[in-house]
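Here is the structure we will look at, set down as structure tokens.
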Amino acid sequence: MGGRCPPRRNVHSRTARARPPAVRLLVAAVDWSGRLTGADRRIWTAVASCDGLLALEGGRNRDQVGDHLIRLALAEPELVVGLDFGFSLPLWFLDQAGLENGMGGA
């Protein structure tokens, strides 16, 4: 599934060495959404290899994205995954602690 990347050359090496095998590289990046409803319209997954962008897909909910990443990892064990999502304490906790404006209200 992943493309074959050209091997890196050590430009500082003065001795001849055997070429290392080509490295398979497959990267999945997920732009996550914290929305309570309609998150599937805001979550996007990109899959790329050394050959470029292989897929850019939306429309999956969180569980479906997780299942998709598992399938990709089973097909390509060297898969690298990046998740882009904001971290926050749960809204109920912030409300209970009197932090209506988040941690900035402390």
**Request:** Determine, yes or no, whether V65 is β-branched (V, I, T) and in contact with a Leu (Cβ under 6 Å, 6 or more places away or on another chain).
**Result:** no
**S49 being surrounded by 13 or more Cβ atoms within 10 Å (Cβ to Cβ) and polar (S, T, N, Q)** = yes
**Prompt:** L91 is checked against (1) closer than 13 Å to V30 by Cα; (2) free of Cβ contacts under 8 Å to residues at least 40 places away in the same chain and fails just one. What number does that condition carry?
**Reply:** (1)
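We did not get these values from a lab; they are worked out from the coordinates using the rules stated. Only a predicted model underlies this, so the values are computations on that prediction, with no experimental measurement involved. Please note: Cβ atoms are built from the backbone with ideal geometry, for glycine as well, and neighbour counts cover all protein chains shown.
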